[in-house]
Amino acid sequence: METLQQLIGNIQAFTAIGAGLMVGLGALGACIGMGVMGSKFLEAAGRQPELMPVLQSRMFLLVGLIDASFLISLAIGLFFAFSNPLLQAVRTAAGG
Amino acid sequence: MSTEAPMGLSEYITHHLGNLTVQVGPGGFWTLQVDTLAVSLIFAVIISLWLWSFARRASSGVPSRGQAFVELVVEFVDGQVKDVFHGDSRLLGPLALTVFLWVLFMNLMDVLPIDAIPRALSLFGVEHFRAVPTAEITTTFAMSLTIFVLTIFYSFRAKGFGGYMKEVFTEPFGPWLAPLNLLMNLIEMVSKPVSLAMRLFGNMYAGELVFMLLAGMIGAGSAVLFGLGVVGYLAWGIFELLIILIQAFIFMVLSVVYIAMAQQHH
């Protein structure tokens, strides 16, 4: 019983670290990407204001593309945090 | 939220992630997700009837408000299609309109309160119900695989069997590296539908999960957490509205771009 608890605790700890890394690093990357793109958009819009509507729709397209990979990692991180499939394997192995 | 039964946050979320399913055959493959199918089909019917009724009553005079709105949407989508695709857009225009509106409406289920539909249906004995079809990997993959089949169909139609095979075997590096070319092209081909489906699914799934977390905070029983939860729910809801629109837009634009790319001669 003692070892089973330790095993579960171990898995939970590693999962928590993994989920934190997923969410944190994903957010970091998305923020950097979004910042670079936003600054370039403002530069371009300042240089050629007549291109603003075209650039704006392209920018929103890219916002979604950049955001997507972060949100996918957020989803998978949260999924692991709340219904951990790895833990299930231990529980079934323990017969409960 | 979880007022009557003392449910933990983890159980609450796992409960909400369960589908209403019907087993129609042996094995996991033949499990129908009734909630996903029902909601998506209902929206398909609603959108069709909505557009059809305005198309029937369309007048060339002063348009009614509803007609003006439909024209706005159609012209927006048509403009986006014409931006990336220069050719016969008799199929692609309506396809893009369908994809955009359908994904948009299915995504919009996400802004309904997370407990509203499951709680209402639980009065009728329905235990699990997931209201957002696009937060379901099956829906997004079904749509992206349809786009995938269409890209292949358009490739064959635009280039012919020989021309397409020539492109697949000789494209990036020339004829002497045919196996490598085939490999690269296969990877490119497979990555398109996978990324298209995963992008929409990931966004909607993450949105749903964050809503669940905040709903759990609201129902946690302490006043501070309640306040934080309400503010967070509101903020995330507003952000989610933006995401919903952008993701529907991206799904449409990328579908059109993939099909337009399939028709291009290199």
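We did not get these values from a lab; they are worked out from the coordinates using the rules stated. Because the structure is predicted, anything quoted here is derived from the model rather than measured. No Cβ is skipped: glycine too gets one built from the backbone with ideal geometry, and neighbour counts run over all protein chains shown.
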*What angle, in degrees between 0 and 90 and rounded to the nearest 10, separates the Cα long axis of helix A:85-94 from the longest principal axis of the Cα atoms of chain A?*
10
*Which order, highest average first, do B:53-59, A:25-31 follow once you tally other Cβ atoms within 10 Å for each residue and take the mean per peptide?*
A:25-31, B:53-59
*asked:* How tilted is helix B:137-170 with respect to the longest principal axis of chain B? Cα atoms for both, answer in degrees (0 to 90, nearest 10).
replied: 10
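For the stretch B:63-144, run through the chymotrypsin sites (Phe, Trp or Tyr not before Pro) and keep only the ones in DSSP coil with at most 14 other Cβ atoms within 10 Å of their Cβ. Don't skip to the end; give the middle numbers.
Values: sites: B:F69, B:F76, B:F85, B:F100, B:W102, B:F105, B:F124, B:F129, B:F141; in loops: B:F85, B:F124, B:F129.
Here the chymotrypsin sites (Phe, Trp or Tyr not before Pro) that fit, given the DSSP loop and packing criteria, are B:F124.
Hey, got the average number of other protein chain Cβ atoms within 10 angstrom for residues in B:234-243?
Details: counts 0, 0, 0, 0, 0, 0, 0, 0, 4, 5.
So the per-residue partner count for this stretch is 1.
May I ask for the longest run of chain B untouched by GluC sites (Glu not before Pro) that are loop-located per DSSP and have at most 12 neighbouring C-beta atoms (other than their own) within 10 Å? Don't jump to the answer; show the numbers that get you there.
Working: sites that count: B:E4, B:E127.
Formally, the longest exposed-site-free interval is B:128-266.
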_Whole-Hz ³J(HN,Hα) from phi, Karplus 6.51 cos²θ - 1.76 cosθ + 1.60, for the stretch B:89-101, glycine and proline x_ = 9, 6, 8, 5, x, x, 4, 5, 4, 4, 4, 4, 5
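Taking each residue in A:77-85, count the Cβ atoms of any other chain within 10 Å of its Cβ, then average. What number comes out? Numbers along the way, then the final one.
Values: counts 2, 8, 5, 0, 4, 11, 5, 1, 0.
If you average over the peptide's residues, the count of other-chain Cβ atoms is 4.
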*asked:* Going Cα to Cα from B:K159, which aspartates and glutamates come in below 16 Å? Please leave out same-chain ones fewer than 8 positions away.
replied: B:D88, B:E167, B:E171
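How crowded by other chains is B:246-256, given as the mean number of beta carbons from other chains within 10 Å of each beta carbon? It would help to have the intermediate numbers written out before the result.
Working: counts 8, 4, 1, 4, 8, 1, 0, 6, 3, 0, 0.
Mean inter-chain Cβ contacts per residue within 10 Å come to 3.
Loop-only chymotrypsin sites (Phe, Trp or Tyr not before Pro) in the stretch B:166-251, please: DSSP not H, G, I, E or B, and at most 12 other Cβ atoms within 10 Å. Don't jump to the answer; show the numbers that get you there.
Details: sites: B:F169, B:F173, B:W176, B:F201, B:Y205, B:F211, B:F226, B:Y233, B:W236, B:F239, B:F249, B:F251; in loops: B:F173.
Of the chymotrypsin sites (Phe, Trp or Tyr not before Pro), the ones in loops of the stretch B:166-251 whose Cβ has at most 12 other Cβ atoms within 10 Å are B:F173.
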